[in-house]
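In what follows, a single structure is set out as structure tokens and then discussed.
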Amino acid sequence: MRIPGPIFCSWMGCLFYVLVAGSSRLSSLSSSIDSVDLLDLQPYKPFTRQGLTNVLLVVGIASIVSLFLLEPGFGILLIQLSILFTIFASIGLMLPLSGIRKKIKKAKQRELDWRKDALKSARNQIKSGDSSNQGFTEVVAYRSLIESIRNWPFDSPTLARFALYLLIPLCSTFGGTFIEKWLDIFAL
């Protein structure tokens, strides 16, 4: 373990560096996007897929490392590495999306500001009795629709995948321990 351990750790460090650097570059690519359609966030799915790929890479390395730590006395190290891998998995998911998140947030704020002006105009028309309240209800409905759009361009299945990916190392560790105990019981 003394010879391959440092080599393996240096490769993990390289992976983490590439993950952060590549995610930062991908996030900066979102500055070339001119306009954001808040009602259709499908064009930004590649950012989300890259984030999930980053998570899967980190989790794969964590699964391999967790198998090395099945020896007694490595419990604290396993907890520390689990925290480290969870942090890098979160960074791997969120960092590629941070640039597009800023674009979505700005577009959402522009739409809400525009709707605020339209809402005031519709309210003044209702007060003066010039028109019906149909324009007012449409403005309020559109405003609530815009407010309900998430700033992050991922949905609940993406979050579910992220959580399931984080469970892979735990399942491999406990699965290996379970099979080892099972074999000990039935080998007698």
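Read-outs throughout are calculated quantities, based only on the coordinates presented, and are distinct from any laboratory measurement. Keep in mind the model is a prediction, meaning the values are calculated, not measured. When we count neighbours, we look across all protein chains shown, and the Cβ atoms used for this are built from the backbone with ideal geometry, even at glycine.
Here are some notes:
- Note on residue 127 and residue 174: their simple-model spin labels are 6.1 nm apart, each label 7 Å out from Cα toward Cβ.
- Computed from backbone phi with θ = phi - 60° and the Karplus coefficients 6.51, -1.76 and 1.60, the 3J(HN,Hα) list for the range 78-86 is 5, 5, 5, 5, 5, 5, 4, 5, 5 Hz; x is used for glycine and proline.
- The modelled label-to-label distance for the pair residue 21/residue 3, using points 7 Å beyond Cα in the direction of Cβ, is 2.9 nm.
- HN-Hα J in Hz across the range 181-187 - Karplus 6.51, -1.76, 1.60, θ = phi - 60°, x for Gly and Pro: 5, 5, 5, 5, 5, 8, 7
- Cα→Cβ-extended label distance, 7 Å offset, between residue 140 and residue 181, nm: 5.9 nm
- Scalar couplings 3J(HN,Hα) for the range 104-120, obtained by applying the Karplus form with A = 6.51, B = -1.76, C = 1.60 to θ = phi - 60°, are 5, 4, 5, 5, 5, 5, 4, 5, 5, 5, 5, 5, 5, 5, 5, 5, 5 Hz; x denotes Gly and Pro.
- The chain: C-alpha pair distances exceeding 19 Å, %: 69 percent
- Helix axis angle, 134-148 relative to the chain longest principal axis, alpha carbon, degrees: 20 degrees
- Between the Cα long axis of helix 4-29 and the first principal axis of the chain there is an angle of about 10°, rounded to the nearest 10.
- CD proxy at 222 nm, helix term only [per DSSP H run n ≥ 4: -39500 (n - 2.57); per residue of the chain; nearest 500]: -29000 deg cm²/dmol
- Rounded to 10°, Cα long-axis angle of helix 45-68 versus longest principal axis of the chain: 20 degrees
- Ranked by how many other beta carbons lie within 10 Å on average, peptides 118-127, 41-50 from highest: 41-50, 118-127
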